[in-house]
Amino acid sequence: MTRQRSLLLGTSFLALAALAACSNHEPRTFGPDEFATEEADEVSETTRTNTAGPVAQEQQSAGEKALPGKKDISYDPAPPPPADLYDSKNEERAGAIAEGEPMPTSTPVAMPMGGARAEDSDMDMSVATRPSPDRQKSAERKPMAPRKESAGGDAIAFGLAGGRASGSGTVAAADMPKTATGSSAVAPPTEIVTSTEITMYGGSEQYTDHGVNPYTLVEDDAQSTFSIDVDTASFTVARKKLEAGVLPPQEAIRVEEFVNWLDYDYAAPAADSSVPFAVHMDAMPDPFRPGRHIMRVGVQGKEVSRDERPPLHLTFLVDVSGSMSSPDKLPLAKQSLHMLVDSLREDDTIALATYAGRTAKILDPTSAADKGRIHAAIEALNSGGGTAMSSGLDLAYGMAWDSFEAGHENRVIVLSDGDANIGRTSFDEMLSQIKGYADRGVTMTTIGLGMGNYKDTLMEQLSNKGDGNNFYIDSQDAAQRIFVDELGGTLVTIARDVKIQVEFNDDAVHAYRLIGYENRDIADADFRNDKVDAGEVGAGHDVTALYEVILKDGYTRDLATVRLRWEQPGADVDQGGQAATERSFKFRDRALAERSDMAARDLRMAYTSATFAEILRNSPGAQELSLDALIAFGKTSARRGEDDDQELIGLMQTARDLGAGTASATLSRR
């Protein structure tokens, strides 16, 4: 999401809470059968195709209402919130905001979270830009360096920003630079990508803290643009930690991967549809924070049967270094590959390479009809030596390119703990290796294994750069799910470089916050720039994004317009691939449930999973939410026959017993 400027306001979250608490809008009452999202008449008449570069201004369709554009910053602070939202000890707050010199630090501001009364909490949370590399670090945090910036303008950070609270509940403070008028200055946020070393299980693991998305005023930036994400590794890593009796590092939590671990009952696109997706939208009041609503955008990919899918040409690259010797690493990797091989058709092919202190070509491309030979090659793998991952990638991609077939699925599958200690081991060098192959149609799946030295950042970014997906396998059940039950979604691409842009109606929505997808942000101007990479969607995959929104009084019928843009599987356009396609959909207010207990169970479980992740990552907006209350909400929302729902509830109970989410909260139905 690209915002035009950075707006830092100490009282912003109080103002949002006041807007929410004072909102008098009366949503319609809906019957249970009225929640189905309208599809046919929501698809725009125009299917837009690839353009040469960024498009600054969208062509408005005939009869389509134009939404307010972005404008120069001019903010009149909201009236003070009702007195019962805070007590006298919190009456000192930041003044007006004006444009000025950069502000590299954050300032702690005491404020109620989630609409709770300030006297109920002594925690100080900060409102600031995402941490700058030259800021004063708090003692509890390791230094962070800025990640690659998206193209586009500066950001507007309204309300809760990406800086995370330290162990004391407050980000370290420093003096704020002032403008000529004495007001606090504004500066674009700096995003975080370098990994954090976490010592666990006697080893060093690496995860990346991407911050927390801020609230954004619709009048300042109506658009939210991001890449689709079907990865689930973060959920599985957290599950393994919890089952081992420890809370996962907050840096390991990616909210969208918790949400997308669950399957949702979205209707698939019609079998004869030329569009590979069906889009579903609904919303409900936040069950714990009165005046706020949770809006869901769900994308369901078309199903492709085993007989209909294209042939697969898979190159397995297996880490057989000494660090892979434990039972949850190489032995589990071999079991997983055996499962995958047994799921293949005879016209599929398998090649196998390994890397440790040196690389080795174990098996040239072999027909899956010769399963005995493939199984024998897998079973013979043993661990030992260093970790020359970079050289292994060179070998595997070379083998994949040698067997490349246009129109087929050509993929490298890396199974590793992500450790790399021999040869070219820098992050950027490894990512640059695979970009050229991805542009020509060779995709990548990364499978993470083990704990103690697991490098989550590398495994995720390799798959991102390789136009693929990232999973973590912690058990045979997880391998069954990824390589057998959901084989099509894992390995068969139906659309690539899929981008979502949500444009909120200024007549209906005060402010919004995308929950998760922090590292999938795309500049608004790059939505139609097809040189900017985005995520891939596999056959049958569903993808869900949640927004927290504050509606205006007397809001209009159309809350938002959702746009999807994607390219066909295969090579980029400049490599002979097809041009991108775009469709748009309207979010109607009839998809908004009057109460959370009237909303679809799918939506309620998506909210439960997202909020659990928010609590685990110590998100400032969730620090006063009770895990006990969330567990109770999840139990009433769980879908009959969905084992994943029960597993999620069990993990929440484990996390509670380990000390997560101990603050109090009251369940609200409105």
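The values are calculated or read from the model by the stated rules, or taken from the named source; none is laboratory data. Bear in mind that the values here come from a model prediction, so they are computed numbers and not experimental data. No Cβ is skipped: glycine too gets one built from the backbone with ideal geometry, and neighbour counts run over all protein chains shown. Quick note on the areas: whole protein, heavy atoms, side chains included, nothing else; ligands and nucleic acids left out. Shrake-Rupley method; radii C 1.70, N 1.55, O 1.52, S 1.80 Å.
Within the option set 666, 611, being closer than 20 Å to residue 289 by Cβ and at pLDDT below 95 holds for one residue only, 666. When the residues of the range 481-501 are filtered to those that are of a type in the set (Val, Ile, Thr) and more than 20 Å from the chain's Cα centre (by Cα), which remaining residue is nearest to residue 411 (Cα to Cα)? Ranking the candidates gives 492 first. Those strands (runs of 3 or more DSSP E) of the range 353-450 in which at least 3 residues are more than 29 Å from residue 240 (Cα to Cα) and not hydrophobic (A, V, I, L, M, F, W, C), considering only elements entirely within it, cover 359-367. The number of residues in the range 269-286 that are part of a loop (DSSP other than H, G, I, E, B) and touching a residue at least 60 places away in the same chain (Cβ under 8 Å) comes to 3. The residue that is modelled with the lowest pLDDT, counting only those in the range 638-660 that are open to solvent by less than 20 Å² (accessible area, probe 1.4 Å) and outside any helix (DSSP H, G or I), is 660.
Taking the range 494-517 as the range and being among the acidic types (Asp, Glu) and open to solvent by 10 Å² or more (accessible area, probe 1.4 Å) as the test, the residues that pass are 503, 506, 507.
All of 360, 333 fail the test of being surrounded by fewer than 16 Cβ atoms within 10 Å (Cβ to Cβ), out of contact with any Asp or Glu (no Cβ under 6 Å at 6 or more places or on another chain) and either farther than 20 Å from residue 455 by Cβ or not acidic (Asp, Glu) (or both), apart from 360.
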